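Structure record follows, encoded as structure tokens.
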Amino acid sequence: MLPDRLERFIERIPESGCWIWTGALVGMGYGKACWVVDGQRKQGRAHRVVYEELCKPLRAEVCLLHRCDVACCVNPAHMRLGSQSENHAEMVAKRRHAFGERQGGSKLTEQQVREILLRRESRREAAAKYGVSLSLIKQIRARLWWKHLDAGVAA
């Protein structure tokens, strides 16, 4: 049984089995739990805190991977233990990472990249047209950047 300090922030969804964290959220939508131990304020990812409360303590290097792909779910039955590299590989495979336009520093849209890939203008002309460097145009055409796009598919 969970202590009230955690239970009050959980909404159980019978249809999915997810336990949704309704308290504070941090980056990427993960829950943030806070509590006091011996007068010291502590905080951590809610899914890890709930898992440790109901299952067993976790070493810092162990990751909890969500089987349900719901970042704010804290149901231990929806978690599996894994490594950081497994967590990263799963994130990329499921396309949950920031890439393309979703990446904060992106200067181009997907449509602009498709145009760069399809048009036969010089790198210099394309760089001037889109306000980016010659090397970025070269990297796009060499499929080093924006490689998730299929140039022939319209947006």
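The values are calculated or read from the model by the stated rules, or taken from the named source; none is laboratory data. Computed from a predicted model, the values in this text were never measured in an experiment. Because the Cβ atoms are built from the backbone with ideal geometry, glycine has one as well, and the counts that use them run over all protein chains shown.
For residues in the range 65-120 being of a type in the set (S, T, Y) and modelled with pLDDT of 75 or more, which is surrounded by the fewest Cβ atoms within 10 Å (Cβ to Cβ)?
Step one: filter the range 65-120 for residues of a type in the set (S, T, Y), giving 83, 85, 106, 109.
Then keep just the ones that are modelled with pLDDT of 75 or more; that gives 83, 85, 109.
On the way: S83: 12, S85: 9, T109: 13.
The residue in question is S85.
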With the first residue restricted to the range 1-22 and required to be under 24 Å from D69 (Cβ atoms), and the second required to be among the acidic types (D, E) and surrounded by 13 or more Cβ atoms within 10 Å (Cβ to Cβ), Cβ contacts under 7 Å at 6 or more apart or on different chains are L2/E53; L6/E53
Mind checking which residues of the range 6-42 are surrounded by fewer than 10 Cβ atoms within 10 Å (Cβ to Cβ) and of a type outside the set (D, E, K, R)?
P14, G27, V36, V37, G39, Q40
Tell me which residues, restricted to the range 1-29, are under 16 Å from H78 (Cβ atoms) and either in contact with a His (Cβ under 7 Å, 6 or more places away or on another chain) or small (G, A, S) (or both).
S16, G17, C18, G29
Here the residues within the range 106-153 that are in contact (Cβ under 8 Å) with a residue 40 or more places away in the chain and in a helix (DSSP H, G or I) are E110, Q111, R114
